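Asks: Dropping the structure in here first, questions after.
The values are calculated or read from the model by the stated rules, or taken from the named source; none is laboratory data. None of these values were measured; they are calculated from a predicted model. Note that we place each Cβ from the backbone using ideal geometry, even for glycine, and neighbour counts take in every protein chain shown.
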Amino acid sequence: MKKQSKMKNKKTMTGAFGKLLPVMIKAAPFLFLVNILLGFFHGISFGVETMMQQHFFDSAVDAARGKTGISQAFLALAFLGIANVACQVLNGAANFLPGVVDGKAGAHLSMAIQKKIARLDPAVFEDTEKLDDINKAEQGKNSAFWYVYNVLAILTFYIPYFVFMGWYLFSLKPILASAIVIIFLPTALAQLLRVKVFSHLEDASAPVRREYEYYETCMAGREYFKETRILGSFSYFKKLYQESLISLQKLKFKATMRSNLFELAMRTVTVGGYCTILWMLYDALMKQEVTVGAFAAVFNSIGMLYNVMEEVICRHIGEMAANAGSIRNYLNFLAMEERIGQRQDAPDWGDIVLENVSFSYPAGKKEDGTTEPVKYAVKNVSLTLHKGETLAVVGENGSGKSTLIRLMAGLYLPGEGTVKKNGIDTRELAMAALTGKTSAVFQKFQRYQMTLAENIVIGDPGEDWGKNHLDSVCAMAGTDPDAFPKGYDTMLSREFDGIDLSGGQWQRVAIARGFFRSHDLIILDEPTAAIDPYEETRIYNRFAEIARDKSAVIVTHRLGSVRLADRILVMKDGEAVQLGTHEELLTQEGEYKRLYEAQEQWYKS
């Protein structure tokens, strides 16, 4: 298995350039063409400059010996000056252009990640390994452009330069062409090791990086800092943050030391080769196998050749080696299996039928590295939600209520059994078809940093909504827009010069958002936790009004308002243990009666 994995990773990196290049070209096609042409002429210009140096030195020597006129030396100097100016202009342009393209290409790569996330199965976000993959992809995205740029630089600048210089040195004396090989091989071996070392580093560091980013949010995040300060837990999170950061630095230090020590050894070999080449050049001059001009030009160019070789190996290939793991992760993430149903059309709304449905979240890892036993969040549930019916799902925390309604809505696909909407298996339906006629308000709702109106209409942003409709849903949710400083135009964020709301106010806004969206199925997943039982009852009564002739599901652990439901499903330990009306369930000895009697004093009146 490990051997297959390594082969797969090599294949991924081999095809990385071919997969990423079209994205870069699409981002800025003209600039990419200019960059390729610049690279080629830039590389050739260095070789031409070396030849112009030889021509000038030979002309100067001949003029000093009286073999030619001084005008020939001045003409050679002029050509050398033109070649040098051309080199510098091309060098400046070649260094400036990539920074311009980087911004455009980065936007395309970021959009590719977001589109990919939108096509993933929502259950992926319950898997810590998949969350690590997303984190790795974000890191890889930042390196992807420079990976393509470095490959293009090697193909269009460095290879033409080395080919030209190899031909030039060979034409002077064949043995001198070995300079390129002697300089190249040791440094290349060092970078091959870097590829392996830093690929392992990226895999090991991703979960640690997610940890310290989370602890950082706990210390300074806007949603956390109040509770962190009042509980005096800042120092605790700081300690965890420092520990994870130190762990990450240790991983990086170990990888860097191993790579640099090997690179030092290879550079020592390269320096030895460099000295050997200089001796061969000197020997050729003494034997009059090369001219004085050729000696001077090659003597200068050997230093340049060494610097360019070191640049391409240590800088460009070195960067590619260090980032190989993160780029591989980016490509692996884009290749991750998507949830794409065959049917894109939303079915006419009908019954939702669950047949022997079971679902389990991804298993965690024990300390010894083995996988924990599978634990079902929902186990062997069969149920039919009839069109136009209101169903209440009740049970203690951890009984599987929220997981069940996510299966009913089609967000999750069952591990066993089937969920059918109007006779169509949810596995066959695309996400847009599943959610197009569904609205929901979850307990962990979002607090969008936008205006009050935008927070409500975000579910149907393209719809032509009017103030009367907004007023209606706000009244149902218990939200009074006139109580806000600028009414519907009030910004709900202090970070954008607006206001902040209490937890209960935010819940009412979230409920209004759910009511606003056009739907045939609406789900309320414990959205009233921060609202008192009396206000909750009022909201649920309004909810019953808008749910007429539509399918509705209420998930709650409070039983004061479930009487409005046509039927009540009782969950316990992931299983459906009771189903019936409020009156029917109270006449039975079971979980519902136990829960009801435990809460009776809250709503008896």
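Asks: Could you tell me whether residue 105 is among the small types (Gly, Ala, Ser), in contact (Cβ under 8 Å) with a residue 40 or more places away in the chain and in a helix (DSSP H, G or I)?
Replies: Yes: the conditions hold for residue 105.
Asks: A further question on this structure: Every residue in region 559-582 that is under 13 Å from residue 401 (Cβ atoms) and surrounded by fewer than 17 Cβ atoms within 10 Å (Cβ to Cβ), please.
Replies: 573, 575, 577 - these are the residues of region 559-582 that are under 13 Å from residue 401 (Cβ atoms) and surrounded by fewer than 17 Cβ atoms within 10 Å (Cβ to Cβ).
Asks: Restricting to region 480-495, give me the number of residues that are modelled with pLDDT of 85 or more and out of contact with any Phe, Trp or Tyr (no Cβ under 9 Å at 6 or more places or on another chain).
Replies: Qualifying residue count for the region: 10.
Asks: So residue 475 passes all but one of these: (1) in the same structural domain as residue 555 (by TED's automatic domain parsing); (2) of a type in the set (A, V, I, L, M); (3) crowded, with 16+ Cβ neighbours inside 10 Å. Which condition number does it fail?
Replies: (3)
Asks: Residues 65, 119: which one is under 17 Å from the mean Cα position of the chain (by Cα), of a type in the set (Lys, Arg) and in the same structural domain as residue 33 (by TED's automatic domain parsing)?
Replies: 119
Asks: Right, something else. Only one residue in 82, 44 is under 21 Å from residue 309 (Cβ atoms) and assigned by TED's automatic domain parsing to the domain that holds residue 149. Which one?
Replies: Numbers: 82 fails: under 21 Å from residue 309 (Cβ atoms).
That would be 44, the only listed residue that is under 21 Å from residue 309 (Cβ atoms) and assigned by TED's automatic domain parsing to the domain that holds residue 149.
Asks: Looking only at residues in region 434-469 that are under 11 Å from residue 510 (Cβ atoms) and of a type in the set (Phe, Trp, Tyr), which one is modelled with the highest pLDDT?
Replies: Filtering first and then ranking leaves 448.
The rows are residues; the columns are (1) among the polar types (S, T, N, Q); (2) in contact with a strand residue (DSSP E or B) (Cβ under 8 Å, 6 or more places away or on another chain); (3) free of Cβ contacts under 8 Å to residues at least 60 places away in the same chain.
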| residue | (1), (2), (3) |
| --- | --- |
| 389 | no, yes, no |
| 397 | yes, no, no |
| 402 | yes, yes, no |
| 405 | no, yes, no |
| 408 | no, yes, no |
| 419 | no, yes, no |
| 424 | no, yes, no |
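Asks: Does region 244-259 hold any residues that are exposed (fewer than 14 other Cβ atoms within 10 Å of the Cβ) and either more than 16 Å from residue 203 (Cβ to Cβ) or among the aromatic types (Phe, Trp, Tyr) (or both), and which are they?
Replies: 246, 249, 253, 257
Asks: Please give the number of the condition residue 432 fails out of (1) part of a loop (DSSP other than H, G, I, E, B); (2) under 27 Å from the mean Cα position of the chain (by Cα).
Replies: Unmet for residue 432, out of (1) part of a loop (DSSP other than H, G, I, E, B); (2) under 27 Å from the mean Cα position of the chain (by Cα): (1).
Asks: Scanning for something within 27 Å of the chain's Cα centre (by Cα), more than 21 Å from residue 118 (Cα to Cα) and of a type outside the set (S, T, N, Q), does region 445-468 turn up at least one residue?
Replies: yes
Asks: Being hydrophobic (A, V, I, L, M, F, W, C), touching a Ser or Thr at 6+ places or on another chain (Cβ under 8 Å) and at pLDDT 85 or above is the filter here; which residues of region 58-75 pass it? Spell out how you get there, then give the answer.
Replies: Kept after step one, since they are hydrophobic (A, V, I, L, M, F, W, C), are these residues of region 58-75: 60-61, 63-64, 70, 73-75.
So of that shortlist, the ones also touching a Ser or Thr at 6+ places or on another chain (Cβ under 8 Å) come out as 61, 73, 75.
If the condition is that a residue be hydrophobic (A, V, I, L, M, F, W, C), touching a Ser or Thr at 6+ places or on another chain (Cβ under 8 Å) and at pLDDT 85 or above, then 75 is the only one that fits.
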